[in-house]
Amino acid sequence: MTTTTRTTYNELVGIHNGEYYGLDSIFDHGSFKGATGTVLTALTPAIAQQYREEYDFEELWKDAVASDATEMGLTAWSEMVRNIDGDLTFFDPSGSVYEDAIRTHFEESTGEEMELTDCRGGGRCFSVDMVWDELLRPDLWALIVAAES
């Protein structure tokens with residue numbers, strides 16, 4: 001019987017294509033092994049505000065109307081969603097475990113303020129062929145490559 005081992009890291013690995021990659025864990029289930037991670041974007045206050053202003057509620061509203069979840073008009077429904085969900089309407093807080101480390105790196109490297117992070121993806125997000133904009137933790141990258149090879 002094969003047992004699964006999982007080691008949790010929750011550490012930033014580096015920046016690839018302008019996005020931060022965090023190593024969540026490395027798992028080994030015999031012949032099936034690999035690394036899981038979280039991909040995040042650092043947002044300045046100006047960019048975060050732009051996302052809030054440009055968010056397109058129309059498709060979500062159409063789905064709500066089609067499923068009889070609302071009889072409200074688009075404007076009223078959009079306001080209701082904003083009031084209930086706040087920033088969760090616009091941003092995915094998954095990966096918040098990395099936010100402090102990203103904030104420190106982002107603000108030190110760019111000189112700009114970071115308001116928050118937005119999760120862009122995750123899971124099996126690493127490829128041994130990745131070319132890093134900046135590799136923050138070569139030691140973790142070596143573990144990922146070994147797990148994904």
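The values are calculated or read from the model by the stated rules, or taken from the named source; none is laboratory data. This one's a predicted model, so the numbers in the text were calculated from it and none came from an experiment. Quick reminder, even Gly has a Cβ in these numbers, built from the backbone with ideal geometry, and neighbours come from all protein chains shown.
Condition test on Ile144, is it within 14 Å of Ala35 (Cβ to Cβ) and either in contact (Cβ under 8 Å) with a residue 24 or more places away in the chain or touching a His at 6+ places or on another chain (Cβ under 6 Å) (or both)? Don't jump to the end; show me each part of the working.
Details: within 14 Å of Ala35 (Cβ to Cβ): yes; either in contact (Cβ under 8 Å) with a residue 24 or more places away in the chain or touching a His at 6+ places or on another chain (Cβ under 6 Å) (or both): yes.
Taking the combined requirement at face value, the residue satisfies it.
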**Asked** Checking Glu107 against (1) within 11 Å of Thr117 (Cα to Cα); (2) modelled with pLDDT of 90 or more, which test does it fail?
**Response** (1)
**Prompt:** Just wondering, is there one or more residues in segment 115-134 that are surrounded by 11 or more Cβ atoms within 10 Å (Cβ to Cβ), free of Cβ contacts under 8 Å to residues at least 40 places away in the same chain, closer than 20 Å to Gly14 by Cβ and of a type outside the set (Val, Ile, Thr)?
**Reply:** yes
**Asked** Scanning for something of a type in the set (Gly, Ala, Ser), surrounded by 13 or more Cβ atoms within 10 Å (Cβ to Cβ) and out of contact with any Gly (no Cβ under 7 Å at 6 or more places or on another chain), does segment 75-86 turn up at least one residue?
**Response** yes
**Complete:** How many residues of segment 117-149 are among the β-branched types (Val, Ile, Thr), over 23 Å from Pro45 (Cβ atoms) and within 18 Å of the chain's Cα centre (by Cα)? The answer is 0
**Prompt:** Would you pick out the residues in segment 117-149 that are under 30 Å from Arg52 (Cβ atoms) and either assigned to a strand (DSSP E or B) or touching a helix residue (DSSP H, G or I) at 6+ places or on another chain (Cβ under 6 Å) (or both)?
**Reply:** Thr117, Asp118, Cys119, Arg120, Gly121, Gly122, Gly123, Glu134
**Prompt:** Taking the condition touching a strand residue (DSSP E or B) at 6+ places or on another chain (Cβ under 9 Å) and surrounded by fewer than 18 Cβ atoms within 10 Å (Cβ to Cβ), does Glu11 pass?
**Reply:** yes
**Request:** List the helices (runs of 4 or more DSSP H) that sit entirely inside segment 1-116 and contain at least 2 residues that are under 22 Å from Met130 (Cβ atoms), over 15 Å from the mean Cα position of the chain (by Cα) and of a type outside the set (Lys, Arg).
**Result:** 99-110
